[in-house]
Structures are given as structure tokens and as C-alpha cells.
Amino acid sequence: MSRQQAWFIARARHRFAMTRECSLLLPHVCAALADPRQPGSDDTCLEKLLDWFRELTKFDPTVELVQNNPCLTEFITSVLALPEPSPSILSFTLRLAGILAASENRFQHLQQEKLLVRLFGRDGPLNSALWEDASVRSGWVEGVHSMMHHQPALHFLCDGGGIDVIFTLQGDPSLFVASAASQLLVHMLTFSVESEMTEPLSTKDCDWPACAQMIIKHIEDSLQSSSSSHIEQSLKLLTSLFGSCRATWTEVLWLGIAKQIESFLTEETVQVQHMLANLLLRIAWSPVFCDTKGSIWALVTSALEHLTPVQAGPLAVGILRIPECPQDVRIQALTVLLQPMDCILRAASQPLEYAGLLDESVSDPATVESLLSSKSSCVNLLCQTLAHLEKLLSLIRLPVDLPYMSLLRSLMTILQFCNGFLSPASPLGSTISRILINCFRVQRSALDVLAALSKQKGCDTLLGSLFDVLLAYLESPNTNPTVLKKTFQATSKWLVRLQELSCSNTQWQQTKKILEDVFLVLQKRLYSPCWEVRDSSLEFLTALINCLKDQDEFRQSLLSSEVPRLTENLLEDPESYVRASAVTAVGHLAFITCFAPESPAIGNQYNKENIVAKLQEILSTDPEGFPRRAVISIFTKWLRQGCTGQLEDTERFVSRVIQTVEHDLDWEVRLGGLELVEVFCSQTFRQLGHPKCTYAPLSSVVTSYINQNESLHVFCRAKVFSFLFQSLCDYDKPIGQRACDVLLGLRYTFYPVRTLKDSQGAEDSRAGPSIAWLQRTLRQGSMAQNFPTDGDNGVDFQDPESMLLALDIIDLEDLHDGLNKSSDHVEKSPQSLLQDILATVGTIEENEADCY
Amino acid sequence: LKLYCLSGHPTLPCNVLKFKSTTIMLDCGLDMTSTLNFLPLPLVQSPRLSKLPGWVLKDGSTFLDKELKECSGHVFVDSVPEFCLPETELLDLSTVDVILISNYHCMMALPYITEYTGFTGTVYATEPTVQIGRLLMEELVNSIERVPKAQSASMWKNKEVQRLLPTPLKDAVEVSMWRKCYTMPEVNAALSKIQLVGYSQKIELFGAVQVTPLSSGYALGSSNWIIQSHYEKVSYVSGSSLLTTHPQPMDQASLKNSDVLILTGLTQIPTANPDGMVGEFCSNLAMTVRNGGNVLVPCYPSGVIYDLLECLYQYIDSAGLSNVPFYFISPVANSSLEFSQIFAEWLCHNKQTKVYLPEPPFPHAELIQTNKLKHYPSIHGDFSNDFKQPCVVFTGHPSLRFGDVVHFMELWGKSSLNTVIFTEPDFSYLDALAPYQPLAMKCVYCPIDTRLNFIQVSKLLKEVQPLHVVCPEQYTQPPPTQSHRTDLMVDCQPPPMSYRRAEVLTLPYKRRYEKIEIMPDLADSLVPLEIKPGISLATVSAVLHTKDNKHVLQLPPKPPQPPASKKRKRVSDDVPECKPLKPLLSGSIPVDQFVQTLEKHGFSDVKVEDTAKGHIVLLQEAETLIQIEEDSTHIICDNDEPLRVKLRDLVLKFLQKF
């Protein structure tokens, strides 16, 4: 163990050790919990108590905890003595005992008292009526899992027959218990192999340790049984094992069962195929199978062939992401994913019209066709396929080349089927069309894939017809609002693609026409009576400006449309979300209308002052928080991009904004104000240059330094300091934290080198009465109500000298620590928890007294 | 069970159902699409319309140029608009006992039926249907009568001449049946024959059937009807809606267990979702007004306009239209807006609860109060003083052939700033606009039809599971313009029966039972005999008495007392003679046992032959033959009566008597 590790553990032990107060309270708590008259304790308290014990034992394997606190073993004994303990207390006891027995020393201690046998052995709850209760079974499994960290525990369980109980619990009616039992077996198998094996296993000589042997035999027996549920349990266990354990012995295990697993693919009597995809995927991902990869890939290929398209989908998309997947398997996987899309394309088009996505020789479309022609399976299969394709397309590095053009054509076909615009050419097409008309689920998924496809090259010839489809969706009054939103997203992505391509004149004409159509339909949507539609339209506009503001054609089309004027009108929308989105959109529009170097001469309506004044007005008068938040974040964005003009203008602008937001009732607006101040400070420093280190912090040169430090003057004039210090006392904690961060940033800039000094509250001799007052006030934190900033208290927040002094003297680090403590740090302590439990018992005692 | 189909229009139906001994007319819709062939009736002299050239035949003949005018390649009849009536020849309409009206749009042909056919029956409808129906008729009569037309064209209707005309006039059906509009006295006379009914009220018709209106959710007071006897149930579903608009929701549960369901009045625009269309309507309206243009909305004075006004009430502020005036012009505008507020019990739950607050159920009251919505009987008078542009005008008629809308089309048609927005689905907007071409004004088609679409129909049919569905032929195939949309047709099992104009359908349902009452004293006299566990039978001898379609079994009259005098009884006093009753037999004869019995009784040479229907037992010596079949037994012996009686008694031993 390195010194650092040892130090860490020592510190953790110290941190989590039981305090004297707690050890005094604990016996009372144990007695209360074991009291059968107690009407069922609060489960949350019991969980917290267990969490505390987990922390206590984590770094302390010694037996001291149980020795020094005999109440713990007494508690277990008294619960065991109860004729009818409540299931929740019994479950708690089992889990507590498991946590305590996690270290070998304490395990032995509890063994000596015969507690573990009585809890986890044959004669324990296992054979009582309480076993019927799922919480007791769950407590038993959890208890065993917790203690399974040393060999004595492993032997205790295996020798006592406990392992058979776990095997049975795999099929428990409670899914939680069944899953926990399965996880426990995985843990035991791994632990047994890794702790008890001295030599690495080989396939020829597999001499498993006893416990592992039992589990492996159980797995093999179950796999060979004729019961689907037993096979499923073992497959679940194996899936979880291969997912979590990458040790070489797993390969030996696999080789023993591979044949059996393979047989399930073709087996018709047991239906476990749906479990196989996940298992095979885990194995394919595992790095330990390098020697046997060939056979694994053969198995995967066979699975892709035999599983239904719905079962094979997740496997296909999973293995396509594996870099070393062989080409032929990849093609097979791709076939699974593309086959439904291929069928759609073929069903919709005349024979020989399009080539389809797949070579007919590799695909047998019969199964997929029959799934697509049934109402119940068609939508499911398509949605699943589309989700897989989207996942695949959103990978940064696509492992395969997809036939993008045909895929796009197929997506367009699906979208046209959904809005009833396509008359299909085949009977299958008519059936699919009938199923898909107005199907929002498929529309949404198809639009997601469409958006993801915009990043790929090779679809350019279809752009015209693609925009026909998208515009039909944007124009149709029947488009559902969520589908419309998705259409907007896809449209904005493809418009970006379109812009990238429009270099030649003909393409430019096409782009211009498409943009005109888009703005026309956007104009109509901005007038929609449905606020969600207005909102998504504005978001769409913002997204477009964000991506395309540098494109001339885009700017021209936008400015020659009605959209900018309408967007401004929506600043007065009755719905606050829409106003907020309108603020954001207008803020972005300003990059084109006012801030662009060659701003168009289109009258006064896009005058910068007008827009700033309008947004300022919203910031000071809008009754809802969302629009005000939007304004402050737009202002910050403008400031960041340097759009607010020269330094003097910016100073005036920031000062105005600060004065508006400092009394805002919405804490997020105030937080936005702090962010603005932070950006302002860093920009000011960037423009004026940082204060030189040589000026720092010797008090004798402070005055001369201040005179030179223009940035400090700027901050004082802009009333930055009063805002920051006031925010330190804000009721809302994030504000105080942020203000403190900004002030600390300023301090580091003005005083880059600091000597460590005693910060335990000693007043600095340099602090005059006003700064001393500030110091005292800040220590009160948010208790300091009505923080006066008007100078009544003698603090002049606009005086650079005082502020520089304040930055130096006030212990901002201490304030920072205080603010960062969570507000419930007192309530969360174990002592408080124990007191809470006792308090509830207290009420019972009081009631008892009342009875007499 | 017969159905006479008098109208070919699926949403303006007129059918006659013969059920038991009653003749019931289901709706009498008036197909007004015929008016699209006529020139509009302008309120003030229109130089443009009066200057239209007369139509000249290909051979140069001009004999029709007074009757037909040409406008932008279309030919129109220059005459008072006429309507296509329901068939009157298919059956004698004077035999119709009752007319059931399902909603105010489906009663516009009522005066033609009640006043011209010798109809003497009763019409049943709900109160809002009658009141709003009256408003629609009043508006129609008013719009046509206030623009008297000097000439009336009839020459073009001549079959020989019609053949020469261009489409669509050439293909217009039954032009000889087209009639001018009725008059107000006829309307009043027709409406006086209506008896008001409430939802779920049971109305007995001649004791034979019971009819009940149910809420159909489409319009104020709109109903579907249940027509049932004791053992048969026919549902008539017409113009229903499952959307949450202003009327009471549709009552679906009561339609269950129908033997026949007649399905009419589905949405005319199945591909348009009404919510989307309302959005489209609002966006286009706002875009036009914000650009300084006027919006014209041709509409009926009642119905969807209430929902549109409600929607605009919420939308006006968000779109910055607070200062734009909304005008509603109709001779019945005021009554329509006021009527809508007083039919609280016919409204959806939300609106009903408002009445108790108390608040007006529709927010158009507030629009009127705040002067945002103003209504006028016509463009003359106050309106011309108040008129400000840009504005939004709601006015009729949606066909654009008469009413104040004609004036606004002429006034605003030349500017591309203005927009006409079609919301009523009854007329093709392109046909409606044809006589105004060339038109600079923008046209937007946002048909709002809240009636059932095919998905909703398919769910409804699955829910109520009628044995047979009958519907207009238009619903059994995809729309002609979208032949690939096989989802746009009624899909049920067994497939629906379809009908077309002037067709008589024998409904596939056979009546099997009739309810008969047994008088208590007769019931007292019956002695049931258990013939199988749980099944008892009794013979009933009684007189069947039938009056007003009710059947009663009464005790037979006592056997006539020997006449006290020798006077001959009068024939008219004669009552059915009651013969003493022979017992009825039941059971079957087991041949083997029967043969054994015969042998026991000394018949030695018994031979049995199997036949298709049973057996023949042959007694060779006695030359006798006993033919045993499932429902008859014959003993054939040659004049040996004692033998026959003996054999008969042996047969009877195997049968039960009661």
C-alpha cells in the first residue's frame, strides 16, 4: 500500500469512525428497533442506518465495532428471539448482519455467537413463515452478498447448503429477489475462482474450486434441462457474468457450454432465443475470447440468421460497433438492420425502379415482409429499426459504409406513407401504407434518422425531393406538434447541408427557392394558435441563425421575409415560454440585423438601440421568469461575442443590467446577472491588460497601484462590487456561491501572490469601520437581511480603494467553504439520524404514559 | 324491413324506412350543390356580372345566350338558384307516417316534403334543431327573396338541349326535379308540423315501434335515432362527432345490440384534422390582417362559427389582433348568437356548468360586449356606417351564390391583400369561386368538419357491434381522387350494404318474433307439463285479438248455450267455434322396442326397412304398413279398423300426451 493510500484510508477511518455521541445513542436505537411494540419503523431511516454501517465498516475490518458496541449483537439476538418479528425488521437484521460479517474478523466474532447460522442457516428465517415475505428473502440475499468477501463466508454458505437456496431464488416470483440472486451467483462464482485458484485454468484441465464447481454444474444442468425458465435463468446469469467479468477463465467456462447455447438457436421446443442476442453481444465484446473469436463470429452469424428481425436488431447494431468485427458478419448485421428499409423501398416503387438497399442474394425478405404487413408488428419493427439506425448514424466514427442514398429514399418513402401522400405500387405497399397513415411514432423515429443522416455525404441528388417531403410536413395542418418539432430539427440540419453545397449557380437558385418556402411556412407557423407550435418555430429560427448566420443567401432570404418582424411581435406573446423563445430568437437575429459588419439598410426597425431597449424593458417588467432569464442570457451572449460596443458603452450597458437584475425575484435571473458580470470582468481585463504582479499586495504601494488600475475603476463605476457583495448574502445559495467565485477570481487577479495568514476571524488592522462592518455582515450570510448598498453603513462600493482593501481583507475562502456546505449537513449526520429514530420511539412512550 | 334511398348525398340524407307497419322518413336533407351552376345573386348591381357574355353553341346558335352566361371558361345559368330535391317518385310520400330529423342541416328540404306531397304525419326533432333550422331556412329564403330576379331560365333543362351543354351542366342529374326556393309561409307551415322531443325520450309510433333520439355530439340538439320494436332494433347514425366541441357528447352506448345500423353523415374531408384546420384558419387570418388585408369567411349562421369565435376569442390577443373588427352579417345573426346561449341543457358539460356561475356558455358574448365582434342583419344600414378595414367578415352563404358574401367577393376580390377562407365543407371551393374568376384575392381552404372520420367509425362499429351496417355507396370505396387511400372507407365485418339515390334496399334482417300478451284469466287456465327437465309445455286455446299493432290472447268464448228460443242465431254474433281438443303428442318411437312390442302382441312376421326419412315396419301377414318418420306416423291397412286402432294404441304407448 502506498503512503498516499494509507493516508487516505486512515483519514477515511477517522472520518467514518463512530463518534462518542453516536455510540451512546446506538444501544437505545437498537433496543427500540427490536421492540415488537414498535409499529414498523420508517424504511428510509433503516436504509440510512444501513448506509451508515456500510461507511463505518468500509475502511475498518477490525472487530472493534462489534466488540465496543455489544448492543449490535444483542439486537440481532433479540430479533431472532422474537416469536413474530416484523418482516422489515427481520430484513434489516439480515442485511445488517451481512454488512458486519463482511470482514473476516467480525465474521468469526458473529460465528462464535452462532448468529450467522441462526440468520442464514437452515433453521433461520429460511424455514419460517416469514420467508413468504419478499422483503425477507431480499434481505437474506443482500446479507449474503455483503458478507461474501472472504473465504470463510464462501465456505459457510456452500457447506451449509445455502447455495441451493440461491439457486431456487433465481426463479423467485419477486423480480428484485430473482435478479439479486442471479447477481449474487455471479459474484460468488467470480470470487470463488479468483480467490481460490492458484493456477490459471486451461480448457483441458478445468479443476474449478468447490463453490465455482457447484455453480457451473448448476448452470450446465439448467442449460440441458427442458424447462425454459431454468434455461432463461442460466442465460441471464451468464449474460451478467460475461458483461462484468473479463478474466481469462470465463473463456474456459464458455467453451464448456458453447455447443449447448448454439443449439438454442435452432431448438424449437424451448423458446429462449430472445435471451441470446444480449448474451452473444457481451461475449463478442469481451476481450478474453481472442483465441476463439472465429467460433464466436460463426455463432453470431448463425444468430443473425435464426433470430427474428426484432430479436436480431439489438445484436446487429451492437456488433457493428465492435471494431474487430469481420467484414462478412458486418454485412450480415447490416442486412438485418436494412432489410425492413429495403422492403419499404421495394413495396413503394415499381419493379426495377430503384435498386433497393440490399443485394437480393443476401436477403430473404419473406419474414420481414410478413412482419411489415401485420398491423401489430409493422410499427414496432420499423420504430426499432429506425432507432438502431439512428444510434448507428450518431456514432462519431461509423464502422461501416451505409447505402446512404437508398436509406434516404426509404426514409422519405416511410414519411410519405405516413402522411398518405404516396400511392404504393404493390399490394404489400398498400398494406403498409394503410398501417402507417398518421402513425406519429414512426414519423418521429424516421425524422430522427433523417436528421442524423444529414451529416453523411452522398445524398445530394435527392435534396430537392427531400425538401418536398419536409415542406409537406411543415405545411400540413395535420402534422402533430411533436412531429412538427422533429421536422423542424431535421429541416435545420438539412438546410445546413444544403448551404454547404450551394456553390454553383443552379444550386444557389434551388437553395434560394427552398429557403423562401421554408420562411413562408415558418411565417404561418409563427401565427399558429397553438403556443407549442409558435415556440418550436422560434426555436427552429434560432437554430437556423446559429448555424447559418454567416451565409449570404440565408441572410438575404431571411431579411426579405416577414419572419423578423413577426418574431419581434412575438416578444409580446401572452404565453411566457413563447416570449422567452422570441427573446432568444430576436437576440440571435440581432447578429444579422445589427451586429453584422455589413448590416442591411432596412430602416429603423432593426436599430440596435431599439432592440436593446425592448429587451431591457422585458427584463425589468415581464411578470414571468422565463422571458427575463432569456434576456439576461442573450445579453451575456452579446457581451461574450463583443457586440455591446466600446468599453464605455459596455460599462454603461452592464451597469444598467446589473441595476435591473439585482432585485429580480427569480434567482436564475440574478445568477444570469452574475454570469454577465463575470464575462464583463474578464473582457475588461483582456482589453485593459491584467494588473501587474509587481503592484501586488504591499500596502504601501496600493494607492499608487489603484490609480493606475483602470479596470478597478471600471468595475466600481459599473456597480459590480455592490452587486457581488450583496449577492454573497443572497437567500438562494447558488447566487452566493457564484458571487463568491467571481470575487475570488477578482481577488486572484488583483492579488496574484498571497501570504497565508491566520483567517480565524481576527480583524485586519487596516480595515476601517466600514469594511469591518462588511466583514461582520458577510459572516452572517443570508441572515443579513436587506443588505444596504446605499452607503448608509459607510461602505462605498464605488470607491476603488475600499474595494481593493475589501478584496484583500475579507476571508473569501472561508465564505466559499461555508457556502459550499450543503444546507442539510447538520441533518444528514448519523447522530441526527439516530436521534430521529429515537424521537419516533419517544412519542410511543409518551402515548403509553398517557394510557395510565 | 325496406329502405328507400331518396338522396344521393351522403351528408344530406333522405331515406325512408318501412319497418313493421310504419313508414318512417329519416332526415330530409336538401342538396344545394346544384346552386353552384347558377350565377351569383349580387345585392347591388354588379357591372362585371351583368356584362358577362351569353353562351354560344359550337355551331354559333345563340338561343341560350339569355339563359347561360360564360365566365372564365365556365358556363352558368343566369336565373334564380334552384335546389335538387330528394326523390319524390320512388314511393308515395303521402304514406310517410313520421319524419325524424337528426340535425338542422338535414331538414332543409322539409317544406318541399310536407307542403307538396300530401304528407299528413308528424315530424320529430329536438328544440335546438327546430330553432336553428328555422334560422337557416329564414336566412336562405331571405337571401334569395331580397334579390328578385326578373327572368327564370328553363330552356336549358330540356333534355335535348342539356346534351349540348358543357360540363358540369351536361352531367347535372335530375335537372327537371330542381326547384326554386320555398317561401316563408311554407317554412312556417312545415315547422308547425314538428313535435319537439328530448334526448332519450321514447316515442311510440302506432304501438308498433318506438323511436328515441340520442345525442350525436355534432351540433346543438343533433341526434341519432333508435327505432325499435320488441325484438328488432335499427339505429340511424347521422352527423355524429366524438370531438369535444360545444354540443353534448355523443351517446354511443345506446347504439349497442342493433340489428341494423344505418350510417350516414360522416366527415366530408376525412384527411383533414379539424384541430389542424382551426390552426390553419387562425394563422391565415392573422397573416392577412397583419398585412393590411381583409378576411372573408363564408359560413352558415350557426354551428362551426361558434367554435371558431371561441377559438378566436383566445387567439386575438396572442396574434395582436385586438383592434381588428370582426363582423358577423346575417339576417339571423343576432338570433343565432343569442339562441346559442340559451340552450344550456344541450351543451357539453363544461359549458353547462358555466350557466350556474352564472356566465354565458359561449365567450362570443364577451366579444360582443367588448365591441370586438359586431353583428348586423345585412350590409345595409348600420353596418355601412361602422365598417372599418382591415376587418374579418363572417357571412353566408358558403356556396357564394347568394347572401351578403356575394357583395364582399365583388368588393375584395380584386386585391391580393385580401383572403377568403373556406371553413364549411359542403361546397367545393374551386367551384364556388368559379364565377368570380379571375380573382386576385387569396383563397384558403380550411374545411372544418367535426363529423366522424373512418378511424372513429371503425372504433364505433367495433364497440357497438351491429349485425348489419348500411351506408351510402361513397363510404364503401376510397375517395375518387385518392384511390390509394383504402383507409378512407368503412371497414367492418360483414361488409356494409351500400345504397345510392333512388334505390330500394331490402335489409338483410328477417323479423322472426312478435310479442303477444296473455290475459291473466287465460294464463290461469294453463297447465304446463314438464316434457324435459326445465322445459314445460302447455297447449293454449285462445282468441288472438289484434288492435293498434298490439296482440292479445284472450280466453275463448264459452261454448254457445243451447238457444233459449228457436230463433235463428244471427250470423254476425257468431264466434269462432271451439272444437274439443285432441291431446298433442311428442316423443319418438324407438323402432327396435316397437318391433318387440308388436311381437309380444302376436305379430310374428315383422320386417323393418330403413328409408331416407325413417323406417317402414311391414306386417306381411296382415298386409299392413307402418311408416315411421321424424314428424309423422302413418298406419296403412286395408279397411281393418280394429287392427288400425290396435296398432295406433301400440304406437301411442311410446309417445307422451298433453
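The values are calculated or read from the model by the stated rules, or taken from the named source; none is laboratory data. No experiment lies behind these values; they were computed from the predicted model shown. Positions of Cβ are backbone-derived with ideal geometry, glycine not excepted, and every protein chain shown enters the neighbour counts.
Surrounded by fewer than 16 Cβ atoms within 10 Å (Cβ to Cβ) and either of a type in the set (Val, Ile, Thr) or away from chain B (no Cβ under 14 Å) (or both), is that true of A:Glu500?
Working: surrounded by fewer than 16 Cβ atoms within 10 Å (Cβ to Cβ): yes; either of a type in the set (Val, Ile, Thr) or away from chain B (no Cβ under 14 Å) (or both): yes.
Spelling it out, A:Glu500 is indeed surrounded by fewer than 16 Cβ atoms within 10 Å (Cβ to Cβ) and either of a type in the set (Val, Ile, Thr) or away from chain B (no Cβ under 14 Å) (or both).
Go through (1) touching a residue at least 40 places away in the same chain (Cβ under 8 Å); (2) crowded, with 20+ Cβ neighbours inside 10 Å one by one and return the number of the condition B:Lys69 breaks.
For B:Lys69, the failing item is (1).
Among the numbered conditions (1) within 14 Å of another protein chain (Cβ to nearest Cβ); (2) surrounded by fewer than 21 Cβ atoms within 10 Å (Cβ to Cβ); (3) touching a residue at least 24 places away in the same chain (Cβ under 8 Å), tell me where A:Asn380 comes up short.
For A:Asn380, the exception is condition (1).
Residue-wise test of (1) charged (D, E, K, R); (2) more than 17 Å from A:Asp221 (Cα to Cα); (3) part of a helix (DSSP H, G or I).
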site: A:Gln233; (1), (2), (3): no, no, yes
site: A:Leu237; (1), (2), (3): no, no, yes
site: A:Ala247; (1), (2), (3): no, yes, no
site: A:Ile257; (1), (2), (3): no, no, yes
site: A:Glu262; (1), (2), (3): yes, no, yes
site: A:Glu268; (1), (2), (3): yes, yes, no
site: A:Ala277; (1), (2), (3): no, yes, yes
site: A:Leu281; (1), (2), (3): no, yes, yes
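Within the stretch B:437-453, can you find the residues that are within 11 Å of chain A (Cβ to nearest Cβ) and either aliphatic (A, V, I, L, M) or out of contact with any Pro (no Cβ under 6 Å at 6 or more places or on another chain) (or both)?
Initially, the stretch B:437-453 is screened for residues within 11 Å of chain A (Cβ to nearest Cβ), giving B:444-448, B:453.
Within the stretch B:437-453, B:Val444, B:Tyr445, B:Cys446, B:Ile448 qualify.
For (1) over 30 Å from B:Cys471 (Cα atoms); (2) of a type in the set (Lys, Arg); (3) modelled with pLDDT of 95 or more, each residue gets a yes or a no:
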site	(1), (2), (3)
B:Cys5	no, no, yes
B:Leu57	yes, no, no
B:Leu68	yes, no, no
B:Cys84	no, no, no
B:Leu90	no, no, no
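Go through (1) within 14 Å of chain A (Cβ to nearest Cβ); (2) among the polar types (S, T, N, Q); (3) more than 24 Å from B:Leu367 (Cβ to Cβ) and name the single condition B:Ser258 misses.
That leaves (1) as the condition not met.
Testing B:Gln268 on (1) more than 8 Å from chain A (Cβ to nearest Cβ); (2) within 29 Å of the chain's Cα centre (by Cα); (3) buried (at least 22 other Cβ atoms within 10 Å of the Cβ), one condition comes back false. Which one is that?
(3)
Conditions (1) over 19 Å from A:Leu304 (Cβ atoms); (2) modelled with pLDDT of 90 or more, marked per residue:
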site	(1), (2)
A:Thr198	yes, no
A:Lys204	yes, no
A:Asp207	yes, no
A:Lys217	yes, yes
A:Leu241	yes, yes
A:Gln273	no, no
A:Arg282	no, yes
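For the stretch B:347-372, what are the residues that are crowded, with 19+ Cβ neighbours inside 10 Å and among the basic types (Lys, Arg)?
Correct list: B:Lys351, B:Lys372.
Can you find a residue that is among the aliphatic types (A, V, I, L, M), assigned to a helix (DSSP H, G or I) and either within 14 Å of chain B (Cβ to nearest Cβ) or buried (at least 20 other Cβ atoms within 10 Å of the Cβ) (or both) anywhere in the stretch A:422-433? Outline the logic, then answer.
Our first condition is that a residue be among the aliphatic types (A, V, I, L, M); within the stretch A:422-433, this holds for A:422, A:425, A:428, A:432.
If we keep only those that are assigned to a helix (DSSP H, G or I) as well, we get A:428, A:432.
Those still in the list that are either within 14 Å of chain B (Cβ to nearest Cβ) or buried (at least 20 other Cβ atoms within 10 Å of the Cβ) (or both) too: A:428, A:432.
Checked the stretch A:422-433: at least one residue is among the aliphatic types (A, V, I, L, M), assigned to a helix (DSSP H, G or I) and either within 14 Å of chain B (Cβ to nearest Cβ) or buried (at least 20 other Cβ atoms within 10 Å of the Cβ) (or both).
Among the residues of the stretch B:271-310, which ones are under 25 Å from B:His9 (Cα atoms) and at the interface with another protein chain (Cβ under 10 Å from one of its Cβ atoms)?
Hits for the stretch B:271-310 are B:Thr271, B:Ala272, B:Asn273, B:Pro274, B:Met277.
Step by step: first the residues of the stretch A:523-533, then only those that are surrounded by fewer than 21 Cβ atoms within 10 Å (Cβ to Cβ) and in a helix (DSSP H, G or I), then the one that is farthest from the other protein chains (Cβ to nearest Cβ). Which residue is that? Can you show your working first?
Quick first cut of the stretch A:523-533, residues surrounded by fewer than 21 Cβ atoms within 10 Å (Cβ to Cβ) only: A:523, A:530-532.
Okay, now just the ones that are also in a helix (DSSP H, G or I), so A:523, A:531-532.
Details: A:Gln523: 7, A:Trp531: 7, A:Glu532: 11 Å.
Looking at the filtered set, the residue picked out is A:Glu532.
Taking strands (runs of 3 or more DSSP E) that fall entirely within the stretch B:136-242, which contain at least 1 residues that are surrounded by fewer than 18 Cβ atoms within 10 Å (Cβ to Cβ) and touching a residue at least 60 places away in the same chain (Cβ under 8 Å)? Full working, then the answer.
On the way: elements: B:194-197, B:203-205, B:209-215, B:223-228, B:233-238.
Hits in the stretch B:136-242: B:194-197, B:203-205.
Does the stretch B:446-471 hold any residues that are in contact with a helix residue (DSSP H, G or I) (Cβ under 6 Å, 6 or more places away or on another chain) and surrounded by fewer than 20 Cβ atoms within 10 Å (Cβ to Cβ), and which are they? Reasoning before the result, please.
Start the filter on the stretch B:446-471 by keeping residues that are in contact with a helix residue (DSSP H, G or I) (Cβ under 6 Å, 6 or more places away or on another chain), which leaves B:446, B:448, B:450, B:464.
Result: B:Val464, single match.
Given B:Tyr429, B:Tyr513, which one is away from chain A (no Cβ under 14 Å), hydroxyl-bearing (Ser, Thr, Tyr), closer than 25 Å to B:Tyr218 by Cβ and out of contact with any helix residue (DSSP H, G or I) (no Cβ under 6 Å at 6 or more places or on another chain)?
From the options B:Tyr429, B:Tyr513, the qualifying one is B:Tyr429.
Considering the stretch A:444-469 alone, what residues qualify as being assigned to a helix (DSSP H, G or I) and either of a type in the set (Ser, Thr, Tyr) or within 14 Å of chain B (Cβ to nearest Cβ) (or both)? It would help to see each step written out before you state the result.
First, the residues of the stretch A:444-469 that are assigned to a helix (DSSP H, G or I): A:444-453, A:460-469.
Residues satisfying the conditions are A:Ser445, A:Thr461, A:Ser465.
Mind listing whichever residues of the stretch A:470-486 are within 14 Å of chain B (Cβ to nearest Cβ), of a type outside the set (Gly, Ala, Ser) and either more than 18 Å from A:Tyr527 (Cα to Cα) or in a helix (DSSP H, G or I) (or both)?
Step one: of the stretch A:470-486, the residues within 14 Å of chain B (Cβ to nearest Cβ) are A:472-484.
Then keep just the ones that are of a type outside the set (Gly, Ala, Ser); that gives A:473-475, A:477-484.
Listed by number, the residues that qualify are A:Tyr473, A:Leu474, A:Glu475, A:Pro481, A:Thr482, A:Val483, A:Leu484.
Here's the yes/no breakdown for (1) more than 13 Å from chain B (Cβ to nearest Cβ); (2) in contact with a Ser or Thr (Cβ under 7 Å, 6 or more places away or on another chain); (3) under 17 Å from B:Glu280 (Cβ atoms); (4) modelled with pLDDT of 90 or more:
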{"position": "A:Asn505", "(1), (2), (3), (4)": "yes, no, no, no"}
{"position": "A:Ile514", "(1), (2), (3), (4)": "yes, no, no, yes"}
{"position": "A:Val521", "(1), (2), (3), (4)": "no, no, yes, yes"}
{"position": "A:Asp535", "(1), (2), (3), (4)": "no, yes, no, yes"}
{"position": "A:Thr542", "(1), (2), (3), (4)": "yes, yes, no, yes"}
{"position": "A:Ile545", "(1), (2), (3), (4)": "yes, no, no, yes"}
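Any chance the stretch B:80-98 includes a residue that's among the small types (Gly, Ala, Ser) and within 15 Å of B:Val147 (Cβ to Cβ)?
If we filter the stretch B:80-98 for residues that are among the small types (Gly, Ala, Ser), which is where we start, we get B:94.
Adding the requirement that they be within 15 Å of B:Val147 (Cβ to Cβ) leaves none.
Checked the stretch B:80-98: no residue is among the small types (Gly, Ala, Ser) and within 15 Å of B:Val147 (Cβ to Cβ).
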